[in-house]
Amino acid sequence: MADLHPDNPYAPDRFPDRNKPVVFPPEAKKKFDYILTRYPTKEASLLPTLHLVQEVWGWISPEAVLYVGELLDLSPATVFGVVSFYNMYNQKPVGKYHLQVCTNLSCMVRRAYDIYDHLCDKLDVQPGATTKDGQYTVVEVECLGSCGTAPVVQVNNEYHENMDVTKMDALLAELK
Amino acid sequence: MDQIKVLLANIDKPNSTSIDVYLDGGGYKAVEKALKMTRDEVTQLVKDSEMRGRGGAGFPTGMKWSFVPKNAPKPTWLLCNADESEPGTFKDRVIMEKDPHLLIEGMIISAYAIGSNPMAYIYIRGEFYYGATVLDKALDEARAKGYLGKNILGSGFDFDITVARGAGAYICGEETGLIESVEGHRGQPRVKPPFPAVIGVFGGPTVVNNVETLACVPLIINNGAEWFKSFGTPKNTGPKLYCVSGSVRKPGVYEFPMGINLKELIYDHCGGILGDRKLKAVIPGGASAPMLKPDEIDLPLNFDAVQKAGSMLGSAGIIVLDDSVCIVDAVWRLAKFFAHESCGQCTPCREGTNWLESVLDRIERGEGRPQDADLLLSMSDNIGGKSLCALGDAAIGPVISSVKKFRDEFMYHIEHKACLPETVRYRRLDRAVAAH
């Protein structure tokens, strides 16, 4: 169900070894070359390329910022500026399961904070932090655009709608 | 007023995302028809339909198209705004995930009308990963059948679409922020003028249309402007998707002719208030729209009527709040959203939204000061209209309206250092809130 790991074809390379240069594996390189053909400028390929980096390694490391800069002829500062502007680019490694709880108004009045509190307590983790075993990261996120089926919890790229604490527990049991 | 199934006609069909199902239902007929018309005839038809953009501002779509200069030195671009991030709004997602070909067909026709080629982008918010995969698959199907690519249906018109995923920034739903983001930059809005119709993405004339707007285009081509105008009232025409969320029994996306009565929508179609509690406030058009009190909701939900009532229809994201919700807490949550999403470019918005959040938070925590209600109003006055885009104005909408309409509750809160007795706690105040 998760798309980053373990079904991800590049899973062994998910966290780059700092001694190894960061280079796209062949399949990702193919995707990158395709991305370049879809935009009139190299710079416009930056956002999809960063998504690809995150798909491969799970986060955007400083080394990856340098690598992307070289690929697209952009300064590291430009690339990092974009990485830090957008919420979805992880600037540090996240757990195997990235639990993103929407707590905006429509979810809040359907008791989304109960789910959020429950996750923090049960997994014994501070908001925004990752559990010691590297399995789960719990974050509060802004509106996920699924207010009609509130509360919503996004796990990696997948939405889980009409959630409550009981359903969250059942879901956690599946996410091992 | 009864519900209709016009825009959402296909979504209940099995396998509704496949091109074969779409073609069986008469799909891509509008492209065939439009490509035999001249560009001006297509634009005129959309103008005649009096359709107003469904993204929030309600600007007439045909007029927007006609602002694009002919024979501009640089290519003309069409961008589809699928960055649906306004809290309370979830209508575009239904179209993209359930009926992607309707959007694609609308884009082909719109691109033809404005003379855009050979590429357009669907800028979809990054969180809609599933929607992006559905669209990608649908685009492949459309290419295989010859509705996208070179010389579409022998008309000489070349056109293709790419799905561009955002990465979690509400501001990229603002059209110039979206343009910046498509170019690979931080999504910070531009100074206007020049307007996107003159200089937009990659320096060329650009039209940015919402998903629902583009999805209406094939319907207009197939059925004509008069048919489209038969829904709703003059100047507020067409079928419209309404998103209802919050404390109602049956939240969801509802389709009506433009102008369903808000009270009827909440009580007759959405089953009334959750748990038989009392209605406290309604936000009629997404988080940025000023709140309405229960005695103000007997009004038709169209652009003009809601504006006359002192709010806005916006993206038609209706958030219903019952009397168990502390109004200070609700407004704090929205203020937190805007503080988080302010792009940081203009000082009044960047600083002001954070101050609004802080002051609301201290009132909620029982540390409010007697002058805080007026302080919120004066801070709002220093944000509104003082930044490049409308995010600052959006942030003050719920603040001003709630302070004015629920002043007693704010004062009670400040005086008693607690919420009204009938309210329920929806969050723990001791939980650390992550920094923006």
**Item:** Rounded FRET efficiency, nearest 0.05, which uses the C-beta distance separating B:Ala57 from B:Asn382 and R0 of 30 Å
**Value:** 0.80
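How large is the helix-only mean residue ellipticity at 222 nm for chain B, computed as the sum of -39500 (n - 2.57) over DSSP H runs with n ≥ 4, divided by its residue count, in deg cm²/dmol to the nearest 500?
Values: 16 runs with 171 residues, N = 436.
Using -39500 (n - 2.57) per qualifying helix, the result is -12000 deg cm²/dmol.
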**Item:** Averaged over B:243-253, number of beta-carbon atoms from partner chains that fall within 10 Å
**Value:** 4
**Message:** Please list, in order, the residues from the stretch B:39-83 whose amide nitrogen is less than 20 Å from a point placed 7 Å along the Cα→Cβ vector of B:Gln307.
**Reply:** B:47-67
**Message:** With +1 on the Cβ of every Lys and Arg and -1 on the Cβ of every Asp and Glu, and nothing else charged, how large is the dipole of the stretch A:97-174 about its Cα centre, in debye rounded to the nearest 20?
**Reply:** 100 debye
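Can you give the helix-only mean residue ellipticity at 222 nm for chain A, where every DSSP H stretch with n ≥ 4 adds -39500 (n - 2.57) and the sum goes over all residues, rounded to the nearest 500 deg cm²/dmol? Walk me through the numbers on the way to the answer.
Working: 7 runs with 70 residues, N = 176.
It comes out at -11500 deg cm²/dmol, rounded to the nearest 500.
For B:Phe67 and B:Val198, compute 0.36 nm times the residue count separating them, minus their Cα-Cα distance, and round to one decimal in nm. Each step should come with its number before you reach the end.
Numbers: separation 131, 0.36 × 131 = 47.16 nm, distance 0.77 nm.
Full-extension gain reported as 46.4 nm.
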**Alpha-carbon centroids, the stretch B:203-225 and the stretch A:75-121: separation in whole Å** = 33 Å
**Fill in**
Checking B:Asp24, B:Asp372, B:Asp304 against a Gaussian network model of chain B (alpha-carbon springs below 10 Å), the top fluctuating residue turns out to be B:Asp24
**Request:** Please give, to one decimal in nm, the separation of the simple spin-label points placed at B:Val191 and A:Ala170, each 7 Å out from Cα toward the Cβ.
**Result:** 5.7 nm
**Complete:** Scoring the stretch B:233-322 by relative contact order with C-alpha pairs under 8 Å, at least six apart, yields a percentage of 34 percent
**Fill in**
With the dipole of the stretch B:19-230 defined by +1 on each Lys or Arg Cβ and -1 on each Asp or Glu Cβ, the option from B:Gly115, B:Ile161, B:Gly149 whose Cα lies farthest towards the positive pole is B:Gly115
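With +1 on the Cβ of every Lys and Arg and -1 on the Cβ of every Asp and Glu, and nothing else charged, how large is the dipole of the protein assembly as shown about its Cα centre, in debye rounded to the nearest 20? The partial results should precede the final answer.
Working: 66 positive and 77 negative charges, 144 e Å.
The calculation lands at about 700 debye.
Efficiency by 1/(1 + (r/R0)^6): what FRET value for B:Asp24 and B:Gln371, r their Cβ-Cβ distance, R0 = 56 Å, to the nearest 0.05? Could you put the intermediate results ahead of the total?
Numbers: r = 65 Å, r/R0 = 1.16.
After rounding to 0.05, the efficiency reads 0.30.
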**Request:** In whole Hz, with x marking every Gly and Pro, tabulate ³J(HN,Hα) for the stretch A:119-132 from phi via Karplus 6.51 cos²θ - 1.76 cosθ + 1.60, θ = phi - 60°.
**Result:** 5, 4, 6, 5, 8, 6, 9, 6, x, x, 9, 10, 5, 4
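Roughly how big is the stretch B:19-230's charge dipole about its Cα centre, with Cβ charges of +1 (Lys, Arg) and -1 (Asp, Glu), in debye to the nearest 20? Write down the numbers at each step before the final one.
On the way: 23 positive and 26 negative charges, 97 e Å.
Result for the stretch B:19-230 is approximately 460 debye, rounded to the nearest 20.
For the stretch B:363-436, what is the Kirkwood estimate of the hydrodynamic radius, computed as the reciprocal of the mean inverse distance between distinct Cα atoms, to one decimal in Å?
On the way: mean 1/r = 0.0721 Å⁻¹.
Across the stretch B:363-436, the inverse of the average 1/r is 13.9 Å.
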**Message:** Taking each residue in A:106-118, count the Cβ atoms of any other chain within 10 Å of its Cβ, then average. What number comes out?
**Reply:** 6
**Dipole of chain A [Lys/Arg +1, Asp/Glu -1 at C-beta], most positive-end residue of A:Cys143, A:His51, A:Ala173** = A:His51
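Explain nothing, just the number: relative contact order of chain B, from Cα pairs under 8 Å at least 6 residues apart, as a whole percent. Don't skip to the end; give the middle numbers.
Details: 880 pairs, mean separation 69.0, N = 436.
About 16 percent, as a whole number.
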**Request:** Mind computing the radius of gyration and Dmax over the alpha-carbon atoms of the protein assembly as shown? Å is fine for both.
**Result:** 23.7, 74
**Request:** Give B:Lys229/B:Lys280; B:Lys47/B:Lys293; A:Lys176/B:Lys250; B:Lys91/B:Lys293; A:Lys96/B:Lys98 a once-over and call out the pairs whose C-alpha atoms are over 32 Å from each other.
**Result:** B:Lys229/B:Lys280; B:Lys47/B:Lys293; A:Lys176/B:Lys250
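Which FRET efficiency value, to the nearest 0.05, is calculated for B:Lys404 and B:Lys13 with the Förster distance at 56 angstrom and r the Cβ-Cβ distance?
Numbers: r = 47 Å, r/R0 = 0.84.
So, using R0 = 56 Å, E works out to roughly 0.75.
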**Residues with amide H under 5 Å from that of B:Ile122, placed H, sequence gap 5 or more** = B:Cys80, B:Thr162, B:Val163, B:Ala164
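Near A:Tyr136, within a Cβ-to-Cβ distance under 11 Å, what is the net charge of the other residues, with Lys and Arg +1 and Asp and Glu -1? Display every interim value, and only then the final one.
Working: positive: A:Lys96, A:Lys122, A:Lys132, A:Lys176; negative: A:Asp124, A:Asp133.
Computed value for this residue: +2.
Other chains' Cβ within 10 Å of B:339-351 residues: what's the mean?
Values: counts 0, 5, 3, 0, 1, 1, 0, 0, 0, 0, 0, 0, 0.
Mean shielding count: 1.
Of the listed peptides B:49-62, B:346-359, what is their order by residue-averaged count of other C-beta atoms within 10 Å, with the highest listed first? Numbers along the way, then the final one.
Values: B:49-62: 21.9, B:346-359: 19.9.
Packing proxy ranking, top to bottom: B:49-62, B:346-359.
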**Item:** Highest-MSF residue in chain A out of A:Thr131, A:Thr149, A:Thr37 [GNM, Cα springs under 10 Å]
**Value:** A:Thr37
**GNM result for chain B, Cα springs below 10 Å: residue of B:Leu219, B:Leu178, B:Leu313 fluctuating most strongly** = B:Leu219
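Pull out a ≥ b ≥ c, the square roots of the eigenvalues of the alpha-carbon gyration tensor of chain B, then state rounded if a/c is under 1.5, prolate if not and a/b is larger than b/c, and oblate in the remaining case.
Numbers: a/c = 2.13, a/b = 1.64, b/c = 1.30.
Prolate is the answer for chain B, as a/c is 1.5 or above and a/b outweighs b/c.
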**Message:** Modelling each spin label as a point 7 Å along the Cα-to-Cβ direction, I'd like the B:Glu32/B:Arg428 distance in nm, to one decimal.
**Reply:** 6.2 nm
**Message:** Along the Cα→Cβ direction, 7 angstrom out, place labels at B:Ser230 and A:Glu27. What is the inter-label distance in nm?
**Reply:** 5.2 nm
**Fill in**
Taking Lys and Arg as +1 and Asp and Glu as -1, residues besides B:Leu292 with C-beta under 11 Å from its C-beta add up to +1
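Values quoted throughout were computed directly from the atomic coordinates according to the rules given, and no laboratory measurement underlies them. Just so it is clear, the structure is predicted and the values come from calculations on it, not from any experiment. No Cβ is skipped: glycine too gets one built from the backbone with ideal geometry, and neighbour counts run over all protein chains shown.
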